[in-house]
Every structure is written in C-alpha cells, then in structure tokens.
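Read-outs throughout are calculated quantities, based only on the coordinates presented, and are distinct from any laboratory measurement. Treat the numbers as computed from the prediction; the structure is a model and nothing was measured. Here the Cβ positions follow ideal geometry from the backbone for every residue, glycine too, while neighbour counts run over all protein chains shown.
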Amino acid sequence: MMLPWLLGILVAGGLLAWAAGRIAPAWARWVAVAALGADLVLVAVIWIRHYQGLTLLGAPAWLLEWQVPWIPRFGITFHLAVDGLSLVLVALTAFLGLLSVIASWTEVKARVGFFHFNLLWVLAGIIGVFLAMDLFLFYFFWELMLVPMYFLIGLWGHEKRIAAAFKFFLFTQAGGLAMLLSILALHFVHGRATGVYTFEYAALIGAPLGAAAPWIMLGFLLAFLVKTPGVPLHTWLPDAHAQAPTAGSVILAGLLLKTGAYGLIRFVLPLSPEAVRAFAPFGMAIGVAGILYGAKLAFAQTDLKRMVAYTSVSHMGFVLLGIFALDGMALQGVVLQIVCHGISTGALFIVAGAVQERLKTRDLGLMGGFWNDAPRLGGATLLFALASLGLPGLGNFVAEFLILFGTFRVAPVFAVVASLGLIASTIYALSLFQRIFHGTKPGALRLQDIGAREVAVFAALALAIVWLGLYPQPVLNTSRTAVAGIGDAYRHSSPTPGQAKGAPVSRDDPGPHVRGEAR
Amino acid sequence: MSAADLLALAPLWIAAGAAIILLLLISVRRHFGLSAGFSILAAAAGLASVFVVGRLAPRTVTALFTVDGFALFFIGVFFAAALIIFLVASSYLPPSAERREEFFLAAFAALLGSSVLAASAHFVSFVLGLEILSVALYVLIAFPLERRESIEAGTKYLVLASASAAFLLFGGALIYGETGALDFATWAARTQELPLSKPLFILGVSLIIVGLGFKLAVVPFHIWTPDVYQGAPAPSAALVATISKGGMLAFLLRFFWTIGLPRFPSLVLVFSLIAGASMIAGNLLALRQNRVKRILAYSSISHLGYILVAFLAGGAAGLEAAAFYLVAYIITMTAAFGSVAMLSSADADADLLEDFRGAFWSRPGPAAVMTLAMLSLAGIPLTAGFLGKFYVASAGVGASLWALVVILVATSVIGLYYYLRVLTAMYARPREGTAEARPQGPRRGARASGAIALVLLVLLLLWLGVLPTGLIDAIRTTAAALAGAVLPPGSGGGLP
C-alpha cells in the first residue's frame, strides 16, 4: 500500500496547495514542502527497509507491488511496482522536487497556489511513470505530466514562454502518440498469439513479436528519444528549459528527461533483442552526436539558461550512448549518470534562476566579475560546473567513466569519440563559470549573494553529488539487480567482444571495480 | 399496435408531447421560468422513461421502429444532453430576447427527430426523423432574429439541408426501384441475393451517404459547419453538434450494420476517404481560425472523422468504440458550448479568441470547464476524450486500419495546437486598460442553472476519464443488442 501513497500524497497535496494558495501564498508553499517531504520520507523508508533484499543477487523482481483492476474491458489494471531502478528514480524525483519548491520560494509571486498545484501534479505524473507496470497506465502518466508542465512554462515562464510551451507540448505529444500506437500493436500482437488481451508489462515486454518488432520498437523510440532528447529531436529542449521558471527548468532537466531514459531501459531494451541490437549502432551514434553537438552549442550560447540546457543535451548523450552500448557496466553508469546529471544540472538551473531573479537578465554578455559580490553563489556555481565537466571525486565522473568503460568493450570507436566530449565539457563548464564570476564587470549591475535558504538548497545538492562521487556503491547496489536483469538478454544471446576473447568478467557486476576506482 | 408497443415508444411520446404542451403553454401564458422548468422536467422524464422502456426491449414497433438496447442507449444520451443544454440555455437566453421560450419547443422537436433516427428501421421513419430534426434546427439556429449572423446561418443551413435531403430521397427511390422495399431488413436480404456490384443499389446508397455526410458535417459535405456554428446561439450550436450528429451517427451505425458494410468494398473505400479527409481538413482548417466557435466547428469535423475510423473498424469492437467516442464527444462538446454560453453577454456570444483573453482570471469557473473540454477534445488523460481516443485507436489497430490510424495520430498532434491556443488565450494576463474583464457572461442572478450544468459536465468528463467501466459495460450490452439482432453470433466481434 505504500506505492499508491507516493502518488496520492502528491495529487492530494496539489489540490490542497491550490486551495491553500487562495488563503495565503505561503501556505501553498508549505503544503508543497510537506507533501514532498512526506514522499521523500516514504521513499527513504522503502529504500532502507528493502536495501538488504536489493543487494542480493536473484532477489525478487519487484520489491513492492500494488495492483487493482481498472478497465477490465481492455485488461487494464492499475498496477504499480518498484524495483531498484524505479526506486532510485523516485527518490531523485522527491529530492529534486522538494529542492525546486524551496529554490523558487521567492521567485513565483503570481497565482502561487495554482503554481504549486501544477508542480506537484507534474511530479505525481513523473513518479507514476517510474512506477507504472501496466502499459496503458504508463501511457496515462506519460501524457498526464505534460499538461501541468505546459502550464508551468506557459504561465510562469519568461518572455517567450508561450512559444516554448507550445513546442514542448507538441513535440512530446507527437512522440507519445507514436508510442500509443506501439503499445496497441503490442497488445494485439500478444493477444492474437495467446488469446490473452492485456497491457501487463510482464506479459507484453519480451513476448515474441515477429516481423512487427522493428515497427513497434520505433514507436517507443520516438517517444523516448524526443524526451531524452536525442539529436535531432532535441530542438524543443533549449526553448522549454530557457523559458521555464526555475522549478520548471529543474524538473525538466532533472526529471522529465529521465523519463525518456527510463523508458528506453525499461521498455525498449527488453522489447526485442534482435531489433534493439540492429538499432544499437544508430542509438550510439545519436548519443555521441548529442554529446559533441550539445557541447559545441552550449559553448556558443549567450543566454545562461540556454547554455545550461545545451549541456543537458550533451550529458544525456552519454546516457543514450550507455544505453545502446547494451553492456551491463555501461547501464550501471547510465543509472548513475541519470542521478548525477539530475543533481548537477538541477543545481546549475537553480544558479541560473538565482542570477535571473537578481539581475533580471540571463544575458551572459552583461555578466562578469561577480565573484566579489556573491562569493557563496560563485562557490556553488564552481562546484557544480566542475561536477558537470566530470571532475574526479564528484558523481558525474564515476558515471561517465562507467559508461565510457562499458562502451569501450563493445564499441571502442564510439567510446573514443565520446571521450572527446569530456574535453568539450571542460571548455563549456569553465567558460560558464568565468563568464559570470571572473573578469571585469561590464556594467553597473550588482549580484546580491544568496541567503540561508539557497545555501541550504545548494548544500543538500553538494552533499549528494560529493557522496555520489566518493561512494556511489549504494546507488549501484540498488539498481544492480534490476539493470542486470535487463542486460541479461544481451549477455546470453550473442557473444560480445569481451566474451569472445574468453574474458568471462562478471560484467554486470561492476561493484569491485567501482569501489577501487572511485575511492 | 398493442399497449406495449405504445409504451415502447414512450421517449418519443414524451418529446412530442412536451413540444405540444409547450406550444399551448406559450400561447396561454408566456413565462420563461415556467417554460424552462417544464422543459427540464420533461427532458428528465424522457431520460427516466428510457430505463422503464428498457425492460420491453428489444421490440419491433410496426414496420417503422426497432426499439432495442441500441436505440434506447442513444435516445437516453440525447435526452441527457438536452437536459444539460436546457440548463445552460435557462442561464444563457437573455430576458431581452424575444421568443426565447420557443427555443425549448424547437429543441424538443429536434430531440424527437434524433430519437426517431436512432430507432428507425425503415426508410420512411428515417426520412421523417431527418426532416423533423432539420426543420427544428432551422428554427434553433435562426431564432435570435435581431442577430444578422444567426439569420444568415439559418438560411445557409436551410438551403443546404434541403438540397441534401433531395439527394437522400433520390437515393432511397433508386434503392426502392432495385429492391422493391423500403425497410432496411429487406434491403439487407435483397443485397445478399443480388450480385454485389449492382450499380443502382450502390448509387442509391452513395446518394444516401451524401445526405448523411451533410448532417454529420464530414468532408466534403462540411462547408456549412463553421458558418452555422459561428452564427447560431451557443445552446443551438450545442444541439447541432451533439443531438443532430448523434442521431445521424446512430442511424449510420445501425443502417450499415444491417446491410453489412464490409460486403461493399467500394463503400468502405468511400468512407475511408471521407474519414481521412475529415481528420486532415478539419484539423488543418482549424489552425488559422481566430474564433472559438469556428474552431469548435472544425474540431467537430475532425472528431466525426475519428468516429468514422471506429465505424470502419467494424465488428463489435468498432461499434463499441464509436458509441463510446460519441458519448465522450457529446459530453465534451456540450461542455465547450456550455462554457461559451456562460462567458457570453446578452447581446453577442463570446467568440473571438480575444473575447476569451484572461477568462481564467475573471471567470474561473466557466474557463476551467472550457480548459477541461479542450483537453478532452485533444485527448489528454483524466478526461473522457482520452479514453475515447484510446478506444478508437484500439479499434483501428485491432482491425489493422494502419493508414487511418496513422492519420488519426498525426492529425491529433496538429489538433493539439489550436486547443492550446484557446487555453493560452484564457490563461493570458488580461489586457491592460480594459476597465472590466472581457468575458462577462449572463446576469449574475441567472447563472445558477448554467453553473449546475457545467458542474454536471465536469463530473461526467472526469468520471468517464477515470472510471469508464460503467459506461463501457452499458455500451457492450448495447453493441451486443445490435450485433445479436442482425448477425449470427460470433461473426461480429474482433475482440475478446
């Protein structure tokens, strides 16, 4: 019964925040904090209670499950379940959600109740996506999170918010509908073969698809590549991220993009090994293109938020590369990259939001030399810029290292080209920091430093990223069983170069390597 | 005709009787509250009667009517829609308007026409129902005589509806010449014996399709729609969009189920082209509109295209999907026009997107309903439209109508754009300098009944979007009623 609570608290909290906002804006904020805090506690309880079970190999597939019939006509059930992978992502959602409410405490002044309603409902949709084990339910949540996000961008965004909100909605909806067709095709292919018409994940994913497999995979790919985003389907992202209010940007970059990556791992990889293997080189190419192209464009931006947005494209390129490397270690790295990117980029968007709130501009050309004005903000920016460029000791390094290491064993060329991205990221991350805080001030603008509230937000994020950099093992342990199960299909059915050379490394269990390297 | 036969037609009696009583009531004492109250009660009685009559179904009443679960389901939906539209109209119709009591009179006639269509088993009852419906609609569209655009719309509708009725009658005559009968069961039986390519029969059915297509406003018979929607007062437009199209669709489903559409590949092709063209043209043409009622008009064209996809999917699954989508569509369209009505002032309807600017901040209630209606039309979760679209797509995929389903999906994305435009207008900050908020709505004292209607609609929209099982079960019984009556068991269903 804990899983529906995760959703129910946010849904009810959203309605309550809306109502409370009519009394006083502060009430809406406190309701949102309370709801997200409750969710975070709940996730922590689940995590701690099941941590032992997670680290055992051969643990049961789902730690917790909750299922009630919903629309029997189509064999649809309201089926929620959590495994290590979902658990990590749900924890990230509650954590970043809570911080984004606190970070935008003073930024949002108009219609505060409705803002927090939308915020909590987006998060409910995202958690629903991570928990849904019925494909109809998954699609339901997938679509459900669009509308509140549209409102967040369209109502509280910056100067070009309407166009950005439209673009975001249209792109993701187009991908989503393609996925709907695939889900339906899957439903009927499975139904005709077995006589059982259902949307149950366990029944549909992995069912023999025959000649339809590439087409069904294509629908899922479209939806997930738009979200992740994969070049060239990324064009909605810079606009949406740049125009959204701070909390919106944090949720977009930190969580919404992750639903795409999650979908690829959860639905596409196990769908049909043959079709996926045929697509994998293209998937890796998309990932590498994203890494380099995103980095180049990030460097060229003059708008602070657009710059951070393009770094997202680059980092999510690593995620795509790691997923389509079809390698157990790379997949572990992907999970870690999802978490670390959520934290580091979320933090950079909070920096951007803080700068924008104070200076009323995001134009990097008007910035510079603010270190003396705002050393605390500068310190935070430096830390997360370093995390973003992959400094050892911070989480992103471990993640990108695992991805590159895993990819190298399968596709060395892609890994070599992708590692150029590490150089590029050094250039843009340092340039980001320099353009705000170094040099001389171009104008009379003054950047007021951050107060205790924002320091607390950055401290929480900094603790998380350092912890992930020094001791990522708990996250890896948590997701290992889930990811290993998905990676299995690719380990057994065809020998990869690593195995062909007679190196039976336990590739899906990078525990010892990671411990050694990260410490 | 036995007593049970008479009782089986109770909903029709109630619609006809209510119209006559209203006529007398108005001539004795013209009192708006009285007429409106009576109409609402009569519509509720009609709705209740459907459940009573349900125990008698299925029953063939003379050669003209088949009162079965299928007919009663649609009749019930029409009465429910009329009930809600009456509630809205009681708020909407301004005291200054002349002859506003006659709105209810004509609406009952339209209700009678649509109900007859849903139950008709014979070409004669079909034509009668159609004409009762059309004549009522001329009045409903044009009754605010002080508005030029209403008269224009009414006249356009009159001319085009008469022309299409002529096509339809000619088509019926051709089929009569071919089969020597006017009841659909005989038509079905004769076509089994005739060589399938019998040109006169195909020609006759094609001419009937012209008449049907006009009422359903599918491409290429859609030209009148935007003008009529724009000119008609909001409650009348709601009746055109829901009851009139619903009656026609119920007839379409029954008629082609009876004669067996899949046996005529040329007709299947015609309907496929109509469906595809409606989805594409409806959505593309809506993109450039600046008037909400015209957007709704084009949107309704595309939604009829979606329903035709379910219709073409055929089998029990297609029938179910079409019926479910129609119910979702009727609720949504009523909600959309209901909120337009509640945002309209006494002298003119809210229509330009600019009229809706900032509505969410000045009139949050109707604007929130409009938001839900737009999301439902766009097929976003939690709303009836989402499950409707899912149902239709599922039927289409189940029948492997890939081309149509891909068009459906692609045009849905296009459609999203103009629904978002309406939302964007409503949520925009109000223009600076305007002393009072633009959308004013009816007088404060008269808003209560409209507000009740909108609350009901929201509950229905969300109920169908979240817990559709009740309606699905009802529809499955309905579809089974039709499928079982005409085809041997097992030949209809493509689904479990």
log10 I(q)/I(0), Debye, Cα-only region B:336-463, no solvent, q = 0.09, 0.10, 0.15, 0.20 Å⁻¹? -0.32, -0.38, -0.75, -1.09
Fewest first, what order do B:Lys156, B:Lys293 take by the number of other Cβ atoms within 10 Å? B:Lys156, B:Lys293
Packing-based exposure ordering (other Cβ within 10 Å, fewest first) of A:His158, A:His341: A:His158, A:His341
Label B:Met1 and B:Val466 with points 7 Å out from Cα along Cα→Cβ: what is the distance between them in nm? 4.6 nm
Could you go through region B:245-253 in sequence order and give the Karplus-derived ³J(HN,Hα) for each residue, using 6.51 cos²θ - 1.76 cosθ + 1.60 with θ = phi - 60°, rounded to whole Hz, and x for Gly and Pro? 5, x, x, 5, 5, 4, 5, 4, 4
What does the net charge come to around A:Leu137 if you take all other residues with beta carbon closer than 14 Å to its beta carbon, with K and R at +1 and D and E at -1? -3
Listing B:Ser339, B:Ser394, B:Ser344 by rising number of other beta-carbon atoms within 10 angstrom, fewest first, gives B:Ser344, B:Ser394, B:Ser339
For A:Phe78, other-chain or 5+-apart residues with amide H closer than 5 Å (H placed, Pro excluded) are A:Val68, A:Trp70
Using amide H atoms built 1.01 Å from N in the peptide plane, name the residues 5+ places from A:Asp303, or on other chains, whose amide H lies under 5 Å from its own. A:Leu364
Using only alpha-carbon positions, what ratio does the radius of gyration of the protein assembly as shown give when scaled by 2.2 N^0.38 Å? 1.01
Using a Förster radius of 56 Å, what is the FRET efficiency between B:Leu203 and B:Trp361 based on their Cβ-Cβ separation? Nearest 0.05, please. 0.50
Expected vector for region B:29-37, Karplus 3J(HN,Hα) from phi with 6.51, -1.76, 1.60 and θ = phi - 60°, integer Hz, x for Gly and Pro, equals 9, 7, 9, 5, x, 5, 4, 5, x
Under 5 Å from the placed amide H of B:Leu64, counting only residues 5+ away or on other chains, we find none
Could you tell me which helices of chain A pass both thresholds, a Cα extent of 27 Å or more along their own axis and a mean Kyte-Doolittle hydropathy of at least -1.0, with helices taken as whole DSSP H runs? A:2-23, A:25-55, A:84-103, A:112-131, A:161-194, A:273-300, A:304-324, A:328-359, A:412-437, A:473-493
Relative contact order of region B:3-486, defined on C-alpha pairs under 8 angstrom at six or more residues apart (%): 17 percent
Note to self, chain B gives a 222 nm [θ] from helices alone (DSSP H runs n ≥ 4, -39500 (n - 2.57) apiece, / all residues, nearest 500) of -25000 deg cm²/dmol
